[in-house]
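Below: the structure, in structure tokens.
Just so you know, all these numbers are worked out from the coordinates, no wet-lab data involved. Predicted model, so just to flag it, every value in this text is computed and none were measured. Quick reminder, even Gly has a Cβ in these numbers, built from the backbone with ideal geometry, and neighbours come from all protein chains shown.
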Amino acid sequence: MTNDRMPDIVPVLSRGKHRNPRKGACFMEFASLLAGERWSDHPDCTHPLLAAVARDVNDHLGDEARRQIAPLVPEVIGLNLRDPSIDALLAREVALAALPIASADRQWVAAVGLLHCERVLNKLEGRAADHVSDRVEAALAAVPHARDWARGFYGVGFGRVKKFGSRGAPTIVHAAVADIAETSEGDADQQLVDLLRRSIADCATWMRRTSTVADEHLHETRRLTGSQHTGGQARR
């Protein structure tokens, strides 16, 4: 359930966890505030893996670039359908974004992550365990050294499908966001902003839902999150 009034404090987005809105907020802490939940960077209003993407992007962005994601905060509220396929779909998209730009050694990790996502989706959707979708096959073909290593590594077994949502998927996402942040040449911030924007849009499509910020508050939340300040500030 979302709050029936707007927050008195509009926190400024910054890295890490914060004790209260006056100290600032990470992306998901701000979402918890707008949703009327207990102050937390792991609020119930957002799917855990999407929240993980948002936290990682928030923490890797520079201060100026972080302003660009503030207007997206209301959009994650209500995107919380707990379907195991969403973990695999989202982790796959994030790994696909990282694979072509990661350094050679990091591409191995992204490739293993992609095969793990495929295995989970195959299990959930009733396909042969070794099936690889056309998109993933094409992405792996562009980095044959990583593809061949990942297939050899994955052949000995990797993780359990039942633990994927709580272990495998967050690990894939965390590594992929770090890859983009550390190996992109000059445009890492923009790539991370675009990644978060796509991830939110993808989840909205998969869940067939949009933000559950109350209609009467949506314009106001977008106005507030679109104009970040230099410090926590009370509403006038």
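Observations, loosely collected:
- Sorted on the mean count of surrounding Cβ atoms within 10 Å across their residues, most packed first, peptides 45-57, 122-134, 161-173 read 45-57, 161-173, 122-134.
- Set of lysines with alpha-carbon distance to residue 17 below 28 Å, sequence-local pairs under 8 removed: 163
- Farthest toward positive dipole pole in region 84-206 [+1 Lys/Arg, -1 Asp/Glu at C-beta], among 205, 117, 186: 117
- Solvent-free Debye scattering, log10 I(q)/I(0), computed from the Cα coordinates of region 84-206 at q = 0.09, 0.18 Å⁻¹: -0.22, -0.92
- Shape category assigned to region 19-69 from the gyration tensor of Cα positions, a/c cut at 1.5: oblate
- Förster-model FRET efficiency, 22 Å R0, residue 163 and residue 105, C-beta, rounded to 0.05: 0.30
- Peptides 135-142, 176-183 ranked from most to least packed give 176-183, 135-142, packing being the mean of other C-beta atoms within 10 angstrom over each peptide's residues.
- Taking Cα centre as origin and charging only the Cβ of basic (Lys, Arg, +1) and acidic (Asp, Glu, -1) residues, the dipole magnitude of region 1-139 rounds to 420 debye.
- Two-decimal Rg/Rh across region 69-136, once Rg and the Kirkwood Rh are taken from alpha-carbon atoms: 1.06
- Excluding same-chain neighbours fewer than eight residues apart, the lysines reachable from residue 162 by a Cα-Cα span under 26 Å are 123.
- Overall, region 88-204 carries a charge dipole of about 720 debye about its Cα centre when +1 sits on the Cβ of Lys and Arg and -1 on the Cβ of Asp and Glu, all other atoms neutral.
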